[in-house]
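The values are calculated or read from the model by the stated rules, or taken from the named source; none is laboratory data. These numbers were taken from a predicted model, which means no experiment stands behind them. For neighbour counting, all protein chains shown are included, and Cβ atoms are generated from backbone atoms with ideal geometry for every residue, glycine included.
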Amino acid sequence: MPHRDLPYPRLEIDRQRAEFADAAVEDRFNRHHLPERSAQLKVSLLFCAAFYVAFGATDVATLGPGPLAWTMIALRVAVALVAAGGCLAIMRRPESVRVAVLAACAVEVVGMAVFMVLCWYQPAATAWNVMSQALILMAIYINIPNRFVYAVWIASGSSIVFCAMLLVQGYLKMDDQVALVLLLILGNALGYIGARRFNLAQREEFRSAIQLQQLADRDPLTGCFNRRVLQKGLLDAELARARRYGTALSVILCDIDHFKRINDTHGHAAGDHVLNEFGGLLLAMTRETVDSVVRYGGEEFLIVLPETDLDGAQALAERIRHAFCSIGCAVDLGKFVNATASFGIAAVPALDPDAPDTPAVLVETADAQLYAAKRGGRNCVRGVTVTASRMRSTA
Ligand SMILES: Nc1nc2c(ncn2[C@@H]2O[C@H](COP(=O)(O)OP(=O)(O)OP(=O)(O)O)[C@@H](O)[C@H]2O)c(=O)[nH]1
């Protein structure tokens, strides 16, 4: 029976892009790190902007006070304004990963474009500008948080433009040109290696944390959630959502019939196989990202069904009941056990002003219905709608 279980393949890391292969997981990773990254980005942008403007003093020193020097300083101020705008956008939309990435890219691209203009008009300062370009590469790769692929494109692209510009200007001797190219290749290679290692390490750490959390939340025998997720507030959150948006919510408590007899007759290992089959069936027959299946006790499972009313829950419980009693659970090579299960449902109808405010009422009601199903001969479904003011038995 296929288990809807730990989605390890989705946690694959694309080592070339230094990102999670699955866009949804990458998005989750980015959201997790967004507050810390945005704070770092704002400081980096303001720091870079301040230095960018401060270096305007060298324009005046190289070009002398005149219209060209003031134009250069105006361009530097424009870069600082883009950085300030980026910070403002991040402060206005702190929840947006896109805005943070856009702000980083905008400052890097505009900063590099202006840098090329500054270098073009100050060939006398070429040696200093080569050093500046190497330092700017480090800022792009390491200090300004951005998507790794964007950092690579902007850093390597600007290096190529910078080399081409100096070659076109023709102020450098051949050996200086070779040294320049080698220096920028080295700067890019070191930045690339450092940034890639950092991005991969961060994602590997995130992946380990998710896997540990999944292991802590799952029952190893069946792959279903364990009771920890209920203690962490799964049902409280679903009930609060149902009350807030006026949607229906149902829970099904189900229990394998005469399970002790299966254990006693075929052995504990066979009992484990039957449990495993039943858990797998519940996971396979419920909606992957919407419903939750919890191993509630030994052979008892709780299914939480958001946006599902009593009719929907009953139809699902009937389908599961029928499927389970129809399949033989393989307990050994060529040996099958036929088992059945009983189901108790508690449902909160949509738009119910009297919806209960504690999940305990839901579980207790489903338990009472399960008890009724057991007393009614087992292998059957019982259910009621639950409101604070009324309980309507439908079975
Ligand atoms: N193999 C196995 N058995 C378990 C596990 N957890 C609980 N059990 C057994 O499940 C049995 C449950 O028995 P009961 O509570 O009497 O219920 P039942 O025999 O299913 O009877 P009804 O529920 O009334 O139909 C006990 O014998 C437990 O030891 C488990 O993880 N593996």
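Tabulated data
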| quantity | calculated |
| --- | --- |
| Criterion: modelled with pLDDT of 95 or more and within 25 Å of GLN314 (Cβ to Cβ) - qualifying residue of VAL229, VAL251 | VAL251 |
| Pairs, first in the same structural domain as VAL149 (by TED's automatic domain parsing) in the range 183-195, second outside any helix (DSSP H, G or I), C-beta under 8 Å, six or more apart | ALA195/ALA18 |
| Every pair of residues 6+ apart whose Cβ atoms lie under 7 Å, when the first sits in the range 266-285 and is assigned by TED's automatic domain parsing to the domain that holds SER342 and in contact (Cβ under 8 Å) with a residue 40 or more places away in the chain while the second is within 8 Å of the ligand (Cβ to nearest atom) and outside any helix (DSSP H, G or I) | ASP272/LEU221; VAL274/ILE256; LEU275/LEU221; LEU275/GLU299; ASN276/LEU221; PHE278/ILE256 |
| Output for the range 144-193, where each listed residue is surrounded by 20 or more Cβ atoms within 10 Å (Cβ to Cβ) and more than 20 Å from GLY111 (Cα to Cα) | LEU180 |
| Filtered residues of the range 338-364 (kept if polar (S, T, N, Q) and either within 16 Å of the ligand (Cβ to nearest atom) or closer than 28 Å to ILE262 by Cβ (or both)) | ASN338, THR340, SER342 |
| Search result, residues across the range 276-299 that are closer than 18 Å to GLN369 by Cβ and within 8 Å of the ligand (Cβ to nearest atom) | GLY297, GLU299 |
| Evaluation of SER326 against (1) under 17 Å from LEU282 (Cα atoms); (2) small (Gly, Ala, Ser); (3) crowded, with 16+ Cβ neighbours inside 10 Å (one fails), failing number | (3) |
| Residue in the range 198-218 that is modelled with pLDDT under 95, touching a strand residue (DSSP E or B) at 6+ places or on another chain (Cβ under 6 Å) and farther than 22 Å from LEU102 by Cα present | yes |
| Matching residues, the range 244-275, being of a type in the set (Lys, Arg) and more than 8 Å from the ligand (Cβ to nearest atom) | ARG244 |
| Residue identified as surrounded by fewer than 19 Cβ atoms within 10 Å (Cβ to Cβ) and either closer than 20 Å to SER208 by Cα or in contact with a Phe, Trp or Tyr (Cβ under 7 Å, 6 or more places away or on another chain) (or both) among GLN40, GLN16 | GLN16 |
| Residue count for the range 54-95, restricted to those that are closer than 17 Å to ALA106 by Cα, without any contact (Cβ under 8 Å) to a residue 40 or more places away in the chain and assigned to a helix (DSSP H, G or I) | 12 |
| So ALA360, is it free of Cβ contacts under 8 Å to residues at least 24 places away in the same chain and in a helix (DSSP H, G or I) | yes |
| Matching residues, the range 365-381, being more than 14 Å from the ligand (Cβ to nearest atom) and free of Cβ contacts under 8 Å to residues at least 40 places away in the same chain | THR365, ALA368 |
| Hey, ALA346 over 39 Å from the mean Cα position of the chain (by Cα), buried (at least 21 other Cβ atoms within 10 Å of the Cβ) and either modelled with pLDDT of 90 or more or closer than 20 Å to ASP291 by Cα (or both) or not | no |
| Of all residues making up the range 167-184, the number that are assigned to a helix (DSSP H, G or I) and either out of contact with any helix residue (DSSP H, G or I) (no Cβ under 8 Å at 6 or more places or on another chain) or under 15 Å from ILE136 (Cβ atoms) (or both) | 10 |
| Filter result for PHE301 (touching a helix residue (DSSP H, G or I) at 6+ places or on another chain (Cβ under 8 Å), in a helix (DSSP H, G or I) and buried (at least 18 other Cβ atoms within 10 Å of the Cβ)) | no |
| Single match in GLY267, GLY233 (criterion: of a type outside the set (Asp, Glu) and closer than 18 Å to ALA339 by Cα) | GLY267 |
| Hey, GLN122 more than 30 Å from ILE13 (Cβ to Cβ) and surrounded by 14 or more Cβ atoms within 10 Å (Cβ to Cβ) or not | yes |
| Pairs, first on the phi > 0 side of the Ramachandran plot in the range 204-232, second assigned to a strand (DSSP E or B), C-beta under 9 Å, six or more apart | GLY223/VAL293 |
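Table: residues versus (1) on the phi > 0 side of the Ramachandran plot; (2) in a strand (DSSP E or B); (3) touching an Asp or Glu at 6+ places or on another chain (Cβ under 6 Å).
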residue	(1), (2), (3)
ALA284	no, no, no
VAL293	no, yes, no
LEU305	no, yes, yes
LEU316	no, no, no
ARG321	no, no, no
PHE324	no, no, no
GLU364	no, no, no
